[in-house]
Amino acid sequence: MEEKEKKVRKITHLYYSNPKVRESMIKFGKHREVVPRYFENFGKRPDMIQYSSDIIGLVKKGATSFHASEELWNEPLNLNSELSQEETNKLRKGWDLLIDIDSKYLDISKILTILVLEALEEHGVKNYGVKFSGKKGMHVIVSSKAFPEEFNGVKTKDMFPEWPRAICEYLMQQVRRDFNKRVSEIFGNFGMEKFEIKKEIREALCPNCNRPAKKGILTTLRCPLCKASIQRKDIKATKKRLRCTQENCAGILEIENEGEYFECKECGISNINKQEVSGRYAATFTNFAREERYSSELKEEYSGASFGSSDFVLVAPRHLFRMPYSLHEGTGLASVVLTKEEIESFEPKHADPLKIKIREFMPNNFEGEARRLLSSALEWKKSRDEIEKKTGEKKYKDYEKTEINSDDIKEEMFPAPIKKLLNGLEDGRKRGLFILITFLRALNFSGEYVNKRAREWNEKNKPPLKEGYVKSQIEWHLKQRKKILPPNYSNDGFYRDLGLIEKKPDTKNPIVEVLRKVRKFNYRRF
Ligand SMILES: [Zn+2]
Ligand SMILES: [Zn+2]
């Protein structure tokens, strides 16, 4: 037995024999699926706990921690992965909003949690529960009672995981700017060493839509003959011999300097201050959009999201999270409930299982408390989907036009990070599954093939994901009318953190490389 395991096993009996711990777990576990974990492996699903003695029995069998669903069920034991969506909805009583804040660094999780709580308050949600995840993260909960029973004529309870996902995404977007600011401050104060960061990850957020702005190169050119100055964005290397734009001048422009600029195309905002430039010398701006506006707020800061986030992909059917006051196998600490005021000064030693006091995790929400939050999130999601349709999807449309035929695609054409993924994972298996499904779907592989390949892959994971989870994820993706592209390589949470990237990929997105190869292949064939 490893040291870690010994350490946890030593305290499990004593810890779970505390009747207050068990009482709070039984109370929280009501209407939930509750599954024990036997240090390494989870118990069979579905399962639930009803009586204090159930916990003692499971601990005697070797259970070290307990995990509960954010979905609330009428009869948790009637759940099974064969149920249709309709049958599952029938069983579902409701869902709590569970925001899973995760980072490799406790300090970053603490910052993000406080920002998320403030965002909740700003939307009228004054009651919430917060707890330490047991390792480096935090869990925030808002009770199902806070949501209206129906919204836009739809039953709220049936909208899992779509609505809680939208809320988590929306909240992350709301706090993104402040999060970057706070993370940048920390780095300013402590330096990067504290965080063992090898590469700086920065982003500039659009002040209008809060999405990361595109970075480009702004080139200032000067005509050696007439001395006219011209500014141009993103000159292609092959087009560097530009003629002077002045009438009757035969000069060839020379590059005077190059600098970075940021721009949000959708909102028409950039950080190029034309007035300042033309104030210094007479300048002409070529290839600029007429309506482009200047904003000094478009500046680079550390990307908070690359150090920690609330991963909305994990708001998934039958997702489980560590119960309040469960132990954590990795640390031997308890998942303790905190108040907002305690977060900033919280340290792991405050979660010493033998010293904790039991508190209520479930907030006392009133009906409709989260109505404004829900409506804002859904409105935001709708408009963001429209923007993505215009931008990201436009690019995707080009791929669609080529009518990808999965018969043309051999696995040897897959990009290196995907091949590496296919060898199986130990950490980040859920994110790995997300990449794999979206990748195969984007390339038009059949549902049957996706099912087969995802399961073969899962066999290679250590340990494999639960069959029910894999199944529900695949089903969800196959149901989506709009295809979801795999995350871009720049999304470190997916590729870098899972150790899939060895050298910088040549393309933005894994499917681009495959499509290039397919085109070449077809070209040669005909
Ligand atoms: Zn914008
Ligand atoms: Zn000239």
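Compute the length gained on full extension between SER53 and LYS6: take 0.36 nm times their separation in residues and subtract their Cα-Cα distance, giving the result in nm to one decimal. Spell out each step's value before the answer.
Details: separation 47, 0.36 × 47 = 16.92 nm, distance 2.39 nm.
Gain on stretching SER53 to LYS6: 14.5 nm.
Can you tell me how much longer the chain between GLU297 and LYS274 gets when fully stretched, taken as 0.36 nm per residue apart minus their C-alpha distance, in nm with one decimal? Could the numbers behind the result be given before it?
Values: separation 23, 0.36 × 23 = 8.28 nm, distance 1.53 nm.
Extra length available between GLU297 and LYS274 comes to 6.8 nm.
Gain in length, ASP497 to GLU386, computed as 0.36 nm per residue apart minus the alpha-carbon separation, to one decimal in nm? Let's see the in-between values first.
On the way: separation 111, 0.36 × 111 = 39.96 nm, distance 2.97 nm.
The ASP497-GLU386 span can extend by a further 37.0 nm.
With every protein chain left in place, what is the accessible area per residue of the chain in square angstrom, probe 1.4 Å?
Values: 27300 Å² over 526 residues.
On a per-residue basis, 52 Å².
I'd like the Karplus ³J(HN,Hα) series for region 93-98: coefficients 6.51, -1.76, 1.60, θ = phi - 60°, whole numbers in Hz, and an x wherever there's a Gly or Pro.
8, x, 8, 8, 7, 10
At 1.4 Å probe size, put ILE252, ILE55 in order of accessible surface, largest to smallest.
Working: ILE252 50, ILE55 0 Å².
From most exposed to least exposed: ILE252, ILE55.
Efficiency by 1/(1 + (r/R0)^6): what FRET value for GLU367 and ARG243, r their Cβ-Cβ distance, R0 = 60 Å, to the nearest 0.05?
Working: r = 69 Å, r/R0 = 1.15.
Working from the Cβ atoms, E equals 0.30.
Quote the FRET efficiency, to the nearest 0.05, computed for GLU344 versus ASN208 with a Förster distance R0 of 45 Å and r equal to the Cβ-Cβ distance.
Numbers: r = 31 Å, r/R0 = 0.69.
Once rounded, the FRET efficiency stands at 0.90.
Lysines within cross-link reach of LYS299: Cα-Cα under 21 Å, excluding same-chain residues under 8 positions apart?
LYS181, LYS199, LYS214, LYS215, LYS233, LYS265, LYS274
Please report the carbon-and-sulfur percent of the accessible area for region 393-525; probe 1.4 Å, protein heavy atoms only, DNA, RNA and ligands left out. Mind dumping the intermediate values first?
Details: 3600 of 7340 Å².
Exposed carbon and sulfur together represent 49 percent of the surface.
Of the options ALA283, CYS223, ILE235, report the single residue whose Cα projects farthest towards the positive end of the charge dipole of region 214-301 (beta-carbon charges: Lys, Arg +1; Asp, Glu -1).
Projecting each Cα onto the dipole axis, the largest value belongs to CYS223.
Roughly how big is region 393-525's charge dipole about its Cα centre, with Cβ charges of +1 (Lys, Arg) and -1 (Asp, Glu), in debye to the nearest 20?
Values: 32 positive and 20 negative charges, 67 e Å.
Using Cβ point charges on Lys, Arg, Asp and Glu, region 393-525 gives about 320 debye.
If you put +1 on each Lys and Arg Cβ and -1 on each Asp and Glu Cβ, how big is the dipole of the chain around its Cα centre, in Debye rounded to 20? If you can, show how the numbers build up before the last one.
Details: 100 positive and 80 negative charges, 254 e Å.
Using only the charged Cβ atoms, the result is roughly 1220 debye.
Using a 10 Å cut-off on Cβ atoms, rank the peptides 484-493, 129-138 from the highest mean neighbour count down.
Ranked from most to least packed, the peptides come out as 129-138, 484-493.
In nm, to one decimal, how far is the GLU118 label point from the ILE217 one, both placed 7 Å along Cα→Cβ?
3.9
So what is the relative contact order for the chain, in percent, with contacts set as C-alpha pairs under 8 Å and at least six apart?
Working: 832 pairs, mean separation 89.3, N = 526.
Relative contact order here is 17 percent.
Residues with beta-carbon under 10 Å from that of LYS131, excluding LYS131: net charge, scoring Lys, Arg +1 and Asp, Glu -1? List each step's numbers first, then the result.
Details: positive: ARG322, ARG359; negative: none.
Its environment carries a net charge of +2.
Projecting each Cα onto the charge dipole of region 1-132 (Lys/Arg +1, Asp/Glu -1 at the beta carbon, about the Cα centre), which of ILE111, SER17, VAL125 comes out farthest on the positive side?
Positive-end residue among those listed: SER17.
Each residue of region 68-82 in order: what ³J(HN,Hα) in whole Hz does its phi give by Karplus 6.51 cos²θ - 1.76 cosθ + 1.60, θ = phi - 60°, with x for Gly and Pro?
So the Karplus estimates, Gly and Pro as x, are 10, 7, 7, 7, 10, 10, 6, 9, x, 6, 7, 6, 7, 6, 8 Hz.
Kindly provide log₁₀ I(q)/I(0) values, in the same order as q = 0.18, 0.21, 0.27 Å⁻¹, from the Debye equation applied to equal alpha-carbon scatterers of region 323-387.
-0.77, -0.85, -1.15
Can you give the FRET efficiency for LYS181 and GLU75, using 1/(1 + (r/R0)^6), R0 = 45 Å, r = Cβ-Cβ distance, to the nearest 0.05?
Numbers: r = 47 Å, r/R0 = 1.05.
Step by step, r from the Cβ atoms, then E = 0.45.
Nearest 500 deg cm²/dmol is fine: what mean residue ellipticity at 222 nm does the chain get from its DSSP H runs of n ≥ 4 alone, each adding -39,500 (n - 2.57), divided by its residue count? Present the calculation step by step, with values, prior to reporting the outcome.
On the way: 15 runs with 192 residues, N = 526.
After summing the helix terms and dividing by residue count, I get -11500 deg cm²/dmol.
Taking +1 at the Cβ of each Lys and Arg and -1 at the Cβ of each Asp and Glu, which of ILE272, MET323, LEU378 sits farthest along the dipole of the chain towards its positive end, judged by Cα position relative to the Cα centre?
Final value for the positive-end residue is ILE272.
Amide H neighbours of TYR38 under 5 Å, at least 5 residues apart or on other chains, H built in the peptide plane: list them.
GLY43, THR64
Pull up all non-local amide H partners of ASN365: gap of 5 or more, or a different chain, and H-to-H distance under 5 Å with H placed in the peptide plane.
For ASN365, the qualifying residues are SER143.
Rg (Å, one decimal) plus Dmax (Å, integer) for the alpha carbons of the chain?
My reading of the Cα-based Rg and Dmax gives 26.3, 93 Å.
Under a point-charge model restricted to the Cβ atoms of Lys and Arg (+1) and Asp and Glu (-1), what is the dipole moment magnitude of region 214-301 relative to its Cα centre, in debye to the nearest 20? The partial results should precede the final answer.
Values: 17 positive and 14 negative charges, 90 e Å.
Computed about the Cα centre, the dipole is about 440 debye.
Summing +1 for each Lys or Arg and -1 for each Asp or Glu, what net charge is found among the other residues whose Cβ lies under 11 Å from the Cβ of VAL59? Could the numbers behind the result be given before it?
On the way: positive: ARG9, ARG22, LYS60, LYS61; negative: ASP54.
Local net charge: +3.
The values are calculated or read from the model by the stated rules, or taken from the named source; none is laboratory data. Because the structure is predicted, anything quoted here is derived from the model rather than measured. All Cβ positions, glycine included, derive from the backbone under ideal geometry; neighbour counts span all protein chains shown. Just the protein is used for accessible areas: all its heavy atoms, side chains included, with ligands, DNA and RNA removed. Shrake-Rupley method; radii C 1.70, N 1.55, O 1.52, S 1.80 Å.
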